[in-house]
């Protein structure tokens, strides 16, 4: 008879139900998957629409978008650490301790958004000039970022609502939220990029403004939904937020490592695009198209990785530490099967997958080799991401940081040699992803088998 683990039960009972079924893994994961899918409609839409505007606009949106995400990782990393703490309190049955973590995070990230917005608006032209060699792409990227940075005020706070709902495993609301954000973005992208529905034709600037408004709509929904449908008293959300340095310090003791980890990860990804940008505007356009497809393919893996993170934390909180490895193995199997199906589709219909982003037959043909390379990378990523995020779920975020940092050092050296020095074609440059996930998988498994990770207190 297979046992089940119910997050809503008190600790005395959860010890009787220590194993998640595949159905329960899916019930937690699929709303996250749908949410990520809807959220990434923003990236796909921007790339698809701007691909029909011009290669310069496509390249600028890639570089500007990556710079935005690099900075955004500060907020996302903090929210991931908060999510781990929320999940642990939820697993322990200490529900009233959830709200203070959530509210403290909102205050901290809003203040952080103000500071980073000011710094970015002041330093942006200089930084972008150091990173981009093409004058045309430089000018377009600066225009894009000037407007895109306003999104900090909404996206930084919004990630705390994600942390709350993932931490307490009420993930279905994330799907609704993401759908709203996606619909707003798609409509405004179409209207503002091309000048429809009586709105001005703004091109690249329109794409940036559309993303900002979509993030604002997402935050508004999160606030309204939480106010109307969450038991505010149960989760300690019925108190006016106050600055609590001690609590913030405890959150940062976990999240500071995830903040650095995500930033380094995205910064290294940006180094990849800097190398490709020096290969020419056509190669940069190919890389942006492939990156967009890559992100979509990673959605189910990311959803299951997020589920693994919060499930591990909840399981440990309930006293089920002996079942952690079994849980991660089960989730990894689900992830691998889903990825095989996705890779099978793009391998059979590569032109169809690429035609979403461009109608240039030459560009499509040149992009196919890179598409096959990321397909191979995805097979490794399907498993590597689960075990790596499981480590973060145990609360050992410092160890996760060191594991990824060591992996990214090898990644950076590799891309410098083949991209900057050898100027290899973009398809060869994408082999860095195979190397990255291969190393991440090996180091994560070694850590989980050899290290003393079971007794981390948060």
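Values in this text are rule-based calculations from the coordinates and carry no lab data. If you're wondering where the values come from, they're calculated on a predicted model, not measured in any experiment. Positions of Cβ are backbone-derived with ideal geometry, glycine not excepted, and every protein chain shown enters the neighbour counts.
For the stretch 190-228 versus the stretch 87-119, the inter-centroid distance based on Cα atoms is 25 Å. Each listed q (0.10 Å⁻¹) maps to a log10 I(q)/I(0) for the stretch 135-253, found by the Debye formula over equal Cα scatterers with no solvent: -0.43.
Sorting 230, 324 from the fewest to the most surrounding beta carbons within 10 angstrom yields 230, 324. From the largest down, the stretch 380-458 spans 47, 20, 19 angstrom on the principal axes of its Cα atoms. The modelled label-to-label distance for the pair residue 414/residue 135, using points 7 Å beyond Cα in the direction of Cβ, is 3.7 nm. Only Cα pairs under 8 Å and 6+ residues apart enter the sum, and on that basis the relative contact order of the stretch 19-450 stands at 25 percent. Between helix 281-317 and the chain, what is the angle of the helix's C-alpha long axis to the longest principal axis, kept within 0 to 90° and rounded to the nearest 10? Relative to the chain, helix 281-317 is tipped by roughly 0 degrees. Here the stretch 201-300 is treated as a Stokes sphere of Kirkwood radius computed over C-alpha pairs; at 10 °C and 1.306 mPa s its diffusion coefficient rounds to 87 µm²/s.
To the nearest 500 deg cm²/dmol, what mean residue ellipticity at 222 nm is calculated for the chain from DSSP H runs of n ≥ 4 alone, each contributing -39,500 (n - 2.57), summed and divided by the residues? The partial results should precede the final answer.
Numbers: 16 runs with 362 residues, N = 458.
Calculated from helices alone, the mean residue ellipticity at 222 nm is -27500 deg cm²/dmol.
Over the stretch 130-264, what is the relative contact order in whole percent, taking alpha-carbon pairs under 8 Å and six or more residues apart? About 25 percent, as a whole number. Any chance you could give the angle, 0 to 90 degrees and rounded to 10, that helix 361-393 forms with the longest Cα principal axis of the chain? Computed tilt is about 20 degrees. Note on 296, 98: ascending count of other Cβ atoms within 10 Å places them as 296, 98, the fewest first. For the stretch 318-413, the Kirkwood hydrodynamic radius from C-alpha pairs, put into Stokes-Einstein at 4 °C and a viscosity of 1.567 mPa s, yields a diffusion coefficient of 81 µm² per second.
One Cα centroid belongs to the stretch 307-373, the other to the stretch 66-82; the line between them spans 21 Å. Put simply, the Cα atoms of the stretch 275-321 extend 55, 18, 9 Å along their principal axes, the longest span coming first.
Exposure proxy shown here: for 269, 227, the number of other Cβ atoms within 10 Å sets the order, fewest to most, as 227, 269. Pair-distance distribution of the chain: all C-alpha pairs, bin width 20 Å, starting at 0; shares per bin in whole percent are 25, 59, 16, 0.
Axis angle, to the nearest 10 degrees, between helix 135-148 and the longest C-alpha principal axis of the chain: 40 degrees.
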